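Comments concern the structure below.
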Amino acid sequence: MSTSSSATSLKPRDESTLAAAGQKAAVLVEALPWIQKFAGETIVIKYGGNAMINDELRRAFAEDVVFLKHVGVNPVVVHGGGPQINHMLERLGIQSEFRAGLRVTTPETLEAVRMVLTGQVGRELIGLINSHGPYAVGLSGEDAALLRSRRKKATGPDGEEIDLGLVGEVTGVNPEAVQDLIAAGRIPVISTISPEFTEEGSPTGEVLNINADLAAGAVASALGAAKLVMLTDVEGLYADWPDKSSLISSLAAADLRQMLPSLESGMIPKMEAALAAVDAGVPRAAIVDGRRPHSMLLEIVTSAGIGTQVVPDQEAL
């Protein structure tokens with residue numbers, strides 16, 4: 001009797017496929033306690049650096065944010081836009097200048113910054129996240145007076161005061177608009193432009209450019225976040241830069257406070273933000289390498305983590 005050609009064909013078991021599946025299962029099991037720990041909690045993520053301009057990294061970041069949402073975490077994204085701002089300023093023929101690690105912001109520069117952050121970077125990220133479902137909603141620090149700020153004063157190496165122009169530092173955060181979005185099941189995406197306020201609390205009518213790292217730290221503090229994660233373009237903080245073997249995996253707030261004056265200017269705002277957040281009660285602040293796909297997720301849901309984390313002094317004892 002001939003067998004039917006439609007009979008089910010038998011395929012040998014592919015051991016390599018099973019091994020790969022086993023590795024994936026092991027990763028999920030490792031992630032479980034961290035998912036349980038952060039379920040229902042808010043995590044603030046500062047999105048910036050190379051992760052903003054590389055298509056693969058941009059997509060991976062959006063996937064990570066949606067993954068966190070689906071496992072019960074409340075992600076809040078605060079974004080900068082340095083590379084895109086530089087490109088726009090070049091197109092407009094406006095020279096970029098950095099002093100004390102911060103962008104000197106003229107009125108012309110501010111218009112470009114405002115346009116890029118709110119109209120380009122924010123919209124692109126919202127689109128990437130919303131390709132997975134209707135989650136992300138964009139906010140500016142101007143919306144509902146989310147951020148309040150004053151002119152930032154910087155000091156040069158010789159103690160002289162540096163004029164940064166329309167650059168601000170956060171003096172207050174009104175988290176209600178963000179909390180409303182979280183309660184509605186949305187993912188807030190915040191651009192860091194802020195109205196200026198006087199010391200008496202009155203708006204001046206001016207708008208200021210806020211460093212995204214420092215803004216993220218302030219937002220994390222105001223929301224009582226369980227963790228602050230900042231993406232950057234280095235592996236983390238080094239004890240003896242550029243010695244790659246001196247990468248610090250974890251340090252206490254007091255140790256970071258001692259190191260701050262000796263850090264490279266570009267790293268100072270990030271570490272100041274981490275320190276301020278931990279001092280304000282955020283249990284963990286981490287600097288991770290945004291050049292690696294899914295680095296943010298690895299930091300949050302794996303035991304080893306990556307990059308450098310800052311912890312309260314009492315936990316480092």
Next on the checklist: Please verify whether LEU117 is crowded, with 16+ Cβ neighbours inside 10 Å and either at pLDDT 95 or above or within 19 Å of ILE45 (Cα to Cα) (or both), treating the condition exactly as stated.
Outcome noted: yes
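Within region 224-246, work out how many residues are closer than 30 Å to ALA39 by Cβ, crowded, with 17+ Cβ neighbours inside 10 Å and either out of contact with any Lys or Arg (no Cβ under 8 Å at 6 or more places or on another chain) or without any contact (Cβ under 8 Å) to a residue 40 or more places away in the chain (or both).
Of region 224-246, the ones closer than 30 Å to ALA39 by Cβ are 224-232, 235-237.
Adding the requirement that they be crowded, with 17+ Cβ neighbours inside 10 Å leaves 225-232, 235-237.
If we keep only those that are either out of contact with any Lys or Arg (no Cβ under 8 Å at 6 or more places or on another chain) or without any contact (Cβ under 8 Å) to a residue 40 or more places away in the chain (or both) as well, we get 225, 236-237.
Of the residues in region 224-246, 3 are closer than 30 Å to ALA39 by Cβ, crowded, with 17+ Cβ neighbours inside 10 Å and either out of contact with any Lys or Arg (no Cβ under 8 Å at 6 or more places or on another chain) or without any contact (Cβ under 8 Å) to a residue 40 or more places away in the chain (or both).
Could you say whether any residue in region 88-105 is touching a strand residue (DSSP E or B) at 6+ places or on another chain (Cβ under 6 Å), surrounded by 14 or more Cβ atoms within 10 Å (Cβ to Cβ), among the basic types (Lys, Arg) and not in a strand (DSSP E or B)?
Keep residues of region 88-105 that are touching a strand residue (DSSP E or B) at 6+ places or on another chain (Cβ under 6 Å), which gives 99-100, 102, 104-105.
When the remaining residues are screened for being surrounded by 14 or more Cβ atoms within 10 Å (Cβ to Cβ), the result is 99-100, 102, 104-105.
In the following step, the residues that additionally are among the basic types (Lys, Arg) were identified as 99.
Checking the rest, the ones that are also not in a strand (DSSP E or B) come to none.
So far as region 88-105 goes, no, none of its residues is touching a strand residue (DSSP E or B) at 6+ places or on another chain (Cβ under 6 Å), surrounded by 14 or more Cβ atoms within 10 Å (Cβ to Cβ), among the basic types (Lys, Arg) and not in a strand (DSSP E or B).
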Exception for PRO134 within (1) part of a loop (DSSP other than H, G, I, E, B); (2) in contact with a helix residue (DSSP H, G or I) (Cβ under 7 Å, 6 or more places away or on another chain); (3) not polar (S, T, N, Q) falls at (2)
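Here's the yes/no breakdown for (1) touching a residue at least 24 places away in the same chain (Cβ under 8 Å); (2) under 24 Å from VAL282 (Cβ atoms):
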site	(1), (2)
ALA184	no, yes
THR198	yes, no
GLY205	no, no
GLY217	yes, yes
The residue that is surrounded by the fewest Cβ atoms within 10 Å (Cβ to Cβ), considering only those in region 181-198 that are out of contact with any helix residue (DSSP H, G or I) (no Cβ under 7 Å at 6 or more places or on another chain) and under 12 Å from GLU142 (Cα atoms), is GLU196
When region 247-263 is checked residue by residue, the ones that are charged (D, E, K, R) and touching a residue at least 24 places away in the same chain (Cβ under 8 Å) are ASP255
Result of the Cβ filter at 7 Å on region 298-317, keeping first residues that are under 21 Å from VAL73 (Cβ atoms) and of a type outside the set (A, V, I, L, M, F, W, C) and partners that are assigned to a helix (DSSP H, G or I) and at pLDDT below 80, at least 6 apart or interchain, is THR302/GLU30; THR302/ALA31; SER303/GLU30
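State which residue is surrounded by the fewest Cβ atoms within 10 Å (Cβ to Cβ) when the search covers only region 273-289 and only residues that are more than 14 Å from VAL78 (Cβ to Cβ) and hydrophobic (A, V, I, L, M, F, W, C).
The initial filter retains those residues of region 273-289 that are more than 14 Å from VAL78 (Cβ to Cβ), namely 275, 278-281, 283-284, 286-289.
In the following step, the residues that additionally are hydrophobic (A, V, I, L, M, F, W, C) were identified as 275, 278, 280, 286-288.
Values: LEU275: 19, VAL278: 25, ALA280: 14, ALA286: 24, ILE287: 28, VAL288: 27.
Filtering region 273-289 for residues that are more than 14 Å from VAL78 (Cβ to Cβ) and hydrophobic (A, V, I, L, M, F, W, C), the one surrounded by the fewest Cβ atoms within 10 Å (Cβ to Cβ) comes out as ALA280.
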Considering region 248-286, residues that are under 19 Å from the mean Cα position of the chain (by Cα) and modelled with pLDDT under 90, and then whichever is nearest to GLY224 (Cα to Cα), we arrive at PRO269
VAL77 passes all but one of the listed conditions (1) aliphatic (A, V, I, L, M); (2) exposed (fewer than 12 other Cβ atoms within 10 Å of the Cβ); (3) modelled with pLDDT of 85 or more; the exception is number (2)
In the set GLU196, GLU200, the lone residue that is assigned to a loop (DSSP other than H, G, I, E, B) and either within 13 Å of SER149 (Cα to Cα) or modelled with pLDDT of 95 or more (or both) is GLU200
For GLU315, the lone unmet condition from (1) assigned to a helix (DSSP H, G or I); (2) at pLDDT 90 or above; (3) not small (Gly, Ala, Ser) is (2)
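The values are calculated or read from the model by the stated rules, or taken from the named source; none is laboratory data. No experiment lies behind these values; they were computed from the predicted model shown. Cβ coordinates were reconstructed from backbone atoms using ideal geometry, including for glycine residues, and neighbour counts include every protein chain displayed.
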